[in-house]
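Colleague: Let me give you the structure first, and then I'll get to my questions.
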Amino acid sequence: MLPREVEDVLTISSRERHKWVKDGRLQSIGTRTVKMRGRSKKVTFHVFDPRHIEDILDRDMPSVWREADAQAVAENRRRGAGKAALTRAGKGERKTNVATRRRNKGEARPQLDGFDAFEDVGLLR
């Protein structure tokens, strides 16, 4: 069976077909390369066994695979949101840690009273 026929029979999108072939869920029996008229390059596509496609359709595997994919996407989003929250929380800590490290090293902040003190320290140019 050709890829377009598989998509029609299983009522799946081409994105799902590509993903499932890559994952090994949808098994290809080989590839076919065709030189199409009007094109300079050849086109290669997977060919599928009709019995395998019929078995997938009988067991209603596309809906099971879609549910599994949706759960994986939700888990990845949750994990990504957690990492982003940790990163955001960590940025504020880094700033306070720099100030804390300066104090711990014994670097005291200069007590500056007025612009003359700023100029003496070299903060004004």
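Colleague: Just add up the charged neighbours of residue 69: K/R +1, D/E -1, any other residue whose Cβ is under 11 Å from the Cβ of residue 69. It would help to have the intermediate numbers written out before the result.
Modeller: Numbers: positive: 15, 19, 25, 66; negative: 16, 23, 67, 75.
Residues close to residue 69 contribute a combined charge of 0.
Colleague: Subtract the Cα-Cα distance of residue 14 and residue 43 from 0.36 nm times their separation in residues, and report this length gain in nm to one decimal.
Modeller: On the way: separation 29, 0.36 × 29 = 10.44 nm, distance 1.58 nm.
My answer for the length gained is 8.9 nm.
Colleague: Compute the FRET efficiency between residue 36 and residue 67 as 1/(1 + (r/R0)^6), taking r as their Cβ-Cβ distance and R0 = 41 Å, and round to the nearest 0.05. Mind dumping the intermediate values first?
Modeller: Details: r = 37 Å, r/R0 = 0.90.
My answer for the efficiency is 0.65.
Colleague: As a footprinting exposure proxy, order 18, 46 by other Cβ within 10 Å, with the fewest listed first. Walk me through the numbers before you get to the answer.
Modeller: Working: 18 13, 46 18.
Fewest-to-most ranking of 18, 46: 18, 46.
Colleague: Residue by residue, what Karplus-based ³J(HN,Hα) values in Hz, rounded to whole numbers, does the range 84-90 have, using 6.51, -1.76 and 1.60 with θ = phi - 60° and x for Gly and Pro?
Modeller: These are the phi-based 3J(HN,Hα) values: 5, 5, 5, 5, 4, 5, x Hz.
Throughout, read-outs are computed from the coordinates displayed, never taken from laboratory work. Because the structure is a prediction, the values reported are computed rather than measured. Methodologically, a virtual Cβ is constructed for each residue, glycine included, from the backbone with ideal geometry; neighbour enumeration extends over all protein chains shown.
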